[in-house]
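Beneath this line is the structure, given in structure tokens, with notes to follow.
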Amino acid sequence: MACGSGTKFRIQSNGTTELAANEYTKNACTAATLLDRLHDDFTKKTRNTMTSNVPDDANLPSFWLRNQDKVSDFTLMGETSTSSETTNRFTTIFTSQTSKDQAYRTAVHAIMNGVYQPNIDDQYYLKNQETAQTDLSTPAKFNGINGLINLNNVLENLITEKVRANTKPGSAGLALKDAQHYSKRQEIKTTLEEIARRENEIYREKFLNIILVLVGVFVIGTLLSKKFYSGGGGGGGGGGGIFGNTFTGVGLGSSSGIFSRFGGLGLGSSGRSRLSGLFSSNPYSLSTR
């Protein structure tokens, strides 16, 4: 039954200090008491006698889940032994039977709903025959795994209502959204970091490509200068070096190159200038002597 003012309860099952329920803690008392009862339903030792041809405690999940004494004359499971012998009905059923067997359907229905049905059709044994509870006014209707699920849902709703009631006017529900806002901020931060990382990666790739192009131009120019100008003392460059042969031989500093019509890039009427002279005296010459 639901707790009233003055009902004693404990927050922890192994605690020794009892609290007295009041107007503000009645739901907490009911929930704590209900959880203790559900814990017993799944774990306690059951009785091994028959009452009106029905095994005592056969509606409890623990009757099927844990090692229990056999019940004499329990024909559904074929048990006729004395109480000195034990059995694990869950193991026996689920290793040898399917939903086509009545014992299988009865066991599953009892575990899920806390109801013993020795004759239940395969269309209904998985369904919850009780209406889902929306409050704690009828604790006796919380049974089995479905009862535990319903209790969790009821408690979540009660907690939500309590949090909303304690928020400041005009900000109801904001406290519940803090976690969502934090999650969104984390997603934005991760996205920005990924964009920055990718931009840096692109810049590094472009810079590397530029370096490779320059190296390629330099290598090709060196090979061309070595092939065409190594035997003539450096061609029009005068020095025969790498830069001299490459640039002055092609026409940067002579009258026969690409830019000869423009006067050697406009640095002198004959195409020779301080710039071409700078390259023509390169000490790293590859020309053959």
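Values quoted throughout were computed directly from the atomic coordinates according to the rules given, and no laboratory measurement underlies them. Just so it is clear, the structure is predicted and the values come from calculations on it, not from any experiment. Neighbour counts run over all protein chains shown; Cβ positions are idealised from the backbone, glycine included.
Computed from the Cβ-Cβ distance with R0 of 45 Å, the FRET efficiency linking Gln133 to Thr190 stands at 0.65.
In a fully extended conformation the segment linking Tyr24 and Asn67 would gain 11.4 nm over its present Cα-Cα distance, using 0.36 nm per residue. Modelled this way, with points 7 Å down the Cα-to-C-beta line, the labels at Leu224 and Glu199 are 3.8 nm from one another. Label-to-label distance for Lys206 and Asp36 is 7.2 nm, based on points extended 7 Å past Cα in the beta-carbon direction.
If the limit is 27 Å between Cα atoms, which of Lys44/Lys141; Lys184/Lys206; Lys45/Lys162; Lys26/Lys141 go over it? As for pairs spanning more than 27 Å Cα to Cα, those are Lys184/Lys206; Lys45/Lys162. Charge tally around Asn88: other residues with Cβ under 14 Å, Lys/Arg +1 each, Asp/Glu -1 each, net +1.
Can you give the net charge of the other residues whose Cβ lies under 13 Å from the Cβ of Thr25, counting K and R as +1 and D and E as -1? Net of charged neighbours comes to +2.
Here the spin labels are modelled as points 7 Å beyond Cα on the Cα-Cβ line, and at Thr98 and Tyr124 they lie 2.3 nm apart.
Applying 1/(1 + (r/R0)^6) with r as the Cβ-Cβ distance of Asn153 and Lys44 and R0 = 25 angstrom yields a FRET efficiency of 0.50.
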